[in-house]
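J.: There's a structure below that I have some questions on.
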Amino acid sequence: MQFGEALERKFPESVVFIVAPDDDGNPNVMPAGWSMFTSNDPLMIAVSVGFPRYTHELLEKAEDYVVAFPSAAQKTDIVYCGSNSGADVDKVDAREMALCEPAKISTPLLEDAAACFECVSDTAFETGDHTVFAGEVVAAHVSETHDERVKNLGRTWGDGPERFKTLSELLEMDRWTR
């Protein structure tokens, strides 16, 4: 079986930030590759998070959270937040990530994200070694300065920020060079 090679062919894939509050209400930020809209009426979005992740623990207790589509300005934030646990470090403070006020929930938004969706926790179910958390979107926001989200191109493009590109960046690239 060629699982590795087959999985490489799923790229580029979406990447989102999950912003979930800790016990004190402080935001923790984790990038996730597995997300999708699951309903139009009501509008719902789901994210899949592995059991051992700190964000998993937070989402189990959260009444609300934010799903944000990162912009090109956040490429290094994706790498940092994906390489460090919120159980050990305040990632928002360490990266000096700008926050802004939500409209309907208590969890703050990420100012530099291309789009943010305020979610109220709804349904969760286990799928193997992950839990899928689905939330009802109660408000949505778009950036006035960052209109494109980034996609994850996969590890063949590198382990750092170079593996995250906007559609515009991809279209400008020579197809045969990286």
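J.: Under a 5 Å amide H to amide H cut-off, with H placed in plane at 1.01 Å, what residues pair with Thr38 once short-range neighbours are removed?
T.: Met44, Ile45, Ala46
J.: If you work out semi-axes √(5λ) of the Cα gyration tensor in Å from the coordinates, which of (i) 21, 19, 18; (ii) 25, 19, 17; (iii) 28, 17, 16 do you get?
T.: (ii)
J.: Shifting gears a bit: Let me make sure I get this right: for the stretch 84-178, a, b and c are the square roots of the gyration tensor eigenvalues over alpha carbons, sorted descending. Under 1.5 in a/c it's rounded, otherwise prolate if a/b > b/c, else oblate. Which is it?
T.: Because a/c hits 1.5 or more and a/b exceeds b/c, the stretch 84-178 counts as prolate.
J.: Related question: What figure in square angstrom, to the nearest 10, would you give for the accessible area of Ile78 with a 1.4 Å probe?
T.: 10
J.: To the nearest 20 debye, what charge dipole does the stretch 37-178 have about its Cα centre, counting +1 at the Cβ of each Lys and Arg and -1 at the Cβ of each Asp and Glu?
T.: That gives the stretch 37-178 a dipole magnitude of about 580 debye.
J.: What distance in nm lies between label points placed 7 Å from Cα along the C-beta direction at Phe3 and Glu172?
T.: That separation, rounded to one decimal, is 3.9 nm.
J.: With every protein chain left in place, what is the accessible area per residue of the chain in square angstrom, probe 1.4 Å?
T.: So the chain comes to 56 Å² accessible per residue, rounded to a whole number.
J.: Please report the carbon-and-sulfur percent of the accessible area for the chain; probe 1.4 Å, protein heavy atoms only, DNA, RNA and ligands left out.
T.: 49
J.: Okay, moving on. How long is the gain from Arg155 to Ser85 if the chain were fully straight, where each residue apart is worth 0.36 nm and the alpha carbon distance is subtracted?
T.: Fully extending the segment from Arg155 to Ser85 adds 23.2 nm.
J.: Just to check I understand the Karplus step: with θ = phi - 60° and J = 6.51 cos²θ - 1.76 cosθ + 1.60, what whole-Hz values come out for the stretch 127-135, glycine and proline as x?
T.: Residue by residue, the stretch 127-135 yields 9, x, 9, 10, 10, 8, 9, 10, x Hz.
J.: Then there is this: Evaluate the distance, in nm, between pseudo-label points positioned 7 Å from the Cα of Ala98 and of Glu63 along their respective Cα→Cβ axes.
T.: So the label points at Ala98 and Glu63 sit 2.9 nm apart.
J.: Not counting ligands, DNA or RNA, and with a 1.4 Å probe, what is Asp41's accessible surface area in Å² rounded to the nearest 10?
T.: 140
J.: Taking H as built 1.01 Å from N, whose amide H comes closer than 5 Å to the amide H of His146, not counting residues under 5 places away?
T.: Long-range HN contacts for His146: none found.
J.: Would you kindly derive the ³J(HN,Hα) couplings of the stretch 78-90 from the backbone phi angles with the Karplus curve 6.51 cos²θ - 1.76 cosθ + 1.60 (θ = phi - 60°), listing them in order in whole Hz, with x for Gly and Pro?
T.: 4, 5, 5, 5, x, 9, 9, 8, x, 5, 10, 8, 7
J.: Residue-wise, which Karplus ³J(HN,Hα) couplings in Hz belong to the stretch 43-59, taking 6.51 cos²θ - 1.76 cosθ + 1.60, θ = phi - 60°, and x for glycine or proline?
T.: For the stretch 43-59, the Karplus curve yields 5, 9, 10, 10, 10, 10, 10, x, 3, x, 6, 4, 4, 4, 4, 5, 5 Hz.
J.: Please give, to one decimal in nm, the separation of the simple spin-label points placed at Asp41 and Thr127, each 7 Å out from Cα toward the Cβ.
T.: Calculated label separation equals 2.5 nm.
J.: Something else: Counting only residues 5 or more places away or on other chains, whose amide H sits under 5 Å from the amide H of Asp112 once H atoms are built in the peptide plane?
T.: Ala98
The values are calculated or read from the model by the stated rules, or taken from the named source; none is laboratory data. Because the structure is predicted, anything quoted here is derived from the model rather than measured. For neighbour counting, all protein chains shown are included, and Cβ atoms are generated from backbone atoms with ideal geometry for every residue, glycine included. To get the accessible areas, we keep the full protein, side chains included, count just its heavy atoms, and leave off ligands, DNA and RNA. Shrake-Rupley method; radii C 1.70, N 1.55, O 1.52, S 1.80 Å.
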